[in-house]
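Bear in mind that the values in this text are calculations on the coordinates, not laboratory data. What you see is a predicted model, and the numbers here were worked out from it, not measured in a lab. Note: ideal-geometry Cβ built from the backbone for every residue, glycine included; neighbour counts use all protein chains shown.
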Amino acid sequence: MPTDIRNIVILTGAGISAESGLATFRGPDGLWEGHRVEDVCTPEALARNPALVHRFYDERRAKLAEVVPNPAHEALAALDRAWPGDLLIVTQNVDDLHERAGAARLLHMHGELKSALCAACGKAVGWADPLPPGSACAGCGAPSLRPDIVFFGEMPYDMERIEEALAQADLFVSIGTSGAVYPAAGFVQMARHYGARTLELNLDPSAGSSYFEESRLGPASELVPALVRDLLG
């Protein structure tokens, strides 16, 4: 790895958590945990069947207690602790495995399972328990808490901060992503526009592999620790 790298942006997707036992967002059958995405991850689905949507994310939240971070999460946390330059880990994942591994320079662009969002006032609050429809917001009192998940058709979080980090990055790394979900799929082109080196780590080629200067194929639990050792010398 070149020695002139100071600022790094890392994008992680479902592939990094798959080795911990969490299902990737959309399986080969087009379903996520047995459900069509349109039935559990759109504003229309929430309005049409709030009980199903809330129960679906309650089940995903409960599943987190059964899994632990894997060597890829742990390696990125070690990089976060040791890297002297700017570092931003942007995850598309809604699990908490990066945090549990110890990563701090992190943002969840698609929301978090362990957070509830008030649809009335916009306040988010940490949430570890089941979240039935009609739960009241502690801030405004409205019975409007919903899963703090960015549904299809909604704007991901912190896009301005992400673009600022990409503009300053010397290296952009994508780990375990499909390369098919925008706007994250466009980050590699944005990074290249600003002059960053680009590297993809994935189990298989992604929809965006051709945009990367280099792709390394294999399990994240092997490729990510190797990359971190390379970066830290």
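When both bridge partners sit in the chain, DSSP labels roughly 30% of those beta bridges antiparallel.
Among 52, 199, 107, the residue with the largest mean-square fluctuation in a Gaussian network model of the chain, with springs joining Cα atoms closer than 10 Å, is 52.
Once the Cα atoms are used to define both axes, helix 220-232 deviates from the longest principal axis of the chain by about 50 degrees. Pick from 126, 179, 218: which residue has the top mean-square fluctuation in a GNM of the chain where Cα pairs under 10 Å get a spring? Among 126, 179, 218, the largest mean-square fluctuation in the Gaussian network model of the chain belongs to 126. Helix 159-168 axis versus longest C-alpha principal axis of the chain: approximately 0°, rounded to the nearest ten.
A Cα-only calculation for the range 63-190 places Rg and Dmax at 16.0, 46 Å. Looking at the range 114-226 alone, DSSP beta bridges between its own residues are antiparallel in about 40 percent of cases. Binning the alpha carbon pair distances of the range 35-110 at 10 angstrom intervals from zero yields the distribution 17, 38, 26, 16, 3, expressed in whole percent.
Projected label points at residue 104 and residue 63, each 7 Å from Cα along the beta carbon direction, are separated by 3.1 nanometres. Averaging over all projection directions, the Cα-based convex hull of the range 134-233 occupies 9.0 nm² in the image plane. A DSSP coil position with no more than 13 other Cβ atoms inside 10 Å describes the following GluC sites (Glu not before Pro) in the range 163-222: 213. Note on residue 164 and residue 86: their simple-model spin labels are 0.8 nm apart, each label 7 Å out from Cα toward Cβ. In the chain, the calculated helix contribution to ellipticity at 222 nm averages -9000 deg cm²/dmol per residue, counting -39,500 (n - 2.57) for every DSSP H run with n ≥ 4. Geometric descriptor of the chain, per residue, is 117 Å³ (volume of the convex hull of the Cα atoms).
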